[in-house]
Amino acid sequence: MNTLTDLIEKINNARQLDFGTIFSESIELFKKTWVQGFLLQLFSMLVMMPIIIMVYIPIIGLAVAQQNGGGNGEEALENFLGGLSVLYIVFVVVAIFVLGAVSMALHASFFRIMKRMDYDEVVETSDFFYFVKGKYLSKAFTLMLISIAIVVPSALLCYLPLLYTIIPISYFMVFFAFNSELTTGEIVKASFKLGTKKWGISLGLFIVSYMGVMVLSMMTCGLGSLFLQTFLFHPMYLIYKKVIGFNVNSVIEEIGTQVED
């Protein structure tokens, strides 16, 4: 179990990382995890489906109102907005945040899956829902709120601060996945420490990986993104692995952990 002090010390003493090595290792690891990455995309879409339905219901209502209004767009819009209750709007906003937290928990679980497959351990479908539990969801929800609180002001400031903050924020789920016993504040501090220390190589790997995914997705008419999108997580995982590393537990400790969870 790593404490915040342990994490900071490892980050401070981190050696120089090689861009090419991490990128090539990301490709090799992706060959093992692409099926699980595809499942993550499917699970994420299923989680967000209620939000999509709730958004489309008002759009359908607006279309019906416009048709009944004889094509008068302004009148139909006024009638539509007047028909929306405050309770419905609040319900939609709450649902977005709650399901967003579930989505983040799924992504954190995927980092655990990557680690298990990296070490040739057995992976089950239930591993995707490791963090979809009350004690973890509240922490994922808080991390999501912190991410929004950082991203929105950064974007409003001409996007320049966002260029820096987006890298530490991307490590939130990595530290959460492998250090879930830490407090939310400690996860944020460790993420910003690692994100700042390895900002250049993290940004470079993200840009190259993103461009590669975009090109291949366009070549496959968008279908490839379902399989390739999770490749973006692999460089972050490998940077964490090389800087922080993992404590190898004994078989007895692993069994004890599974029973406890």
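The values are calculated or read from the model by the stated rules, or taken from the named source; none is laboratory data. Since the model is a prediction, treat every value here as computed from it, not as a measurement. Neighbour counts are summed over all protein chains in view; Cβ atoms, including those assigned to glycine, are modelled from backbone coordinates with ideal geometry. The accessibility values were calculated without ligands, DNA or RNA, using every heavy atom of the protein model including side chains. Shrake-Rupley method; radii C 1.70, N 1.55, O 1.52, S 1.80 Å.
Summary of computed values
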quantity: In order through region 3-20: 3J(HN,Hα) via Karplus (6.51 cos²θ - 1.76 cosθ + 1.60), integer Hz, x for Gly, Pro; calculated: 8, 4, 4, 4, 5, 4, 5, 5, 5, 4, 9, 5, 7, 5, 9, 9, 4, x
quantity: Residue order for Glu124, Glu181 - accessible surface, 1.4 angstrom probe, largest first; calculated: Glu124, Glu181
quantity: Gain on full stretching of the segment that runs from Leu42 to Met1 - 0.36 nm per residue minus C-alpha separation; calculated: 11.6 nm
quantity: Label-point gap, in nm, between Asp120 and Thr220 - each point 7 angstrom along Cα→Cβ; calculated: 2.7 nm
quantity: Three-way shape call for region 118-261 based on the alpha-carbon gyration tensor, with the a/c threshold at 1.5; calculated: oblate
quantity: Residues of type lysines that Lys193 reaches as a straight line, Cα spacing below 18 Å, ignoring anything fewer than 8 places off in the same chain; calculated: Lys10, Lys241, Lys242
quantity: In region 5-37, trypsin sites (Lys or Arg not before Pro) in a DSSP loop with at most 11 other beta-carbon atoms within 10 Å; calculated: Arg15
quantity: Overall form of region 125-168 per C-alpha gyration tensor (a/c, 1.5; a/b vs b/c); calculated: prolate
quantity: 4 °C / 1.567 mPa s Stokes-Einstein diffusion coefficient of region 101-200, Kirkwood radius on C-alpha pairs, µm²/s; calculated: 92 µm²/s
quantity: Net +/- balance of residues flanking Thr3 in space, Cβ distance below 10 Å, scoring K and R +1, D and E -1; calculated: -4
quantity: Accessible area of Phe246 in the full protein assembly, 1.4 Å probe (Å², nearest 10); calculated: 40 Å²
quantity: Whichever lysines have a C-alpha closer than 18 Å to that of Lys139, once near sequence neighbours (fewer than 8 apart) are set aside; calculated: Lys189
quantity: Sequence of Asp127, Asp6, Asp120, Asp18 when ordered by accessible area, the most exposed leading, probe 1.4 angstrom; calculated: Asp120, Asp18, Asp6, Asp127
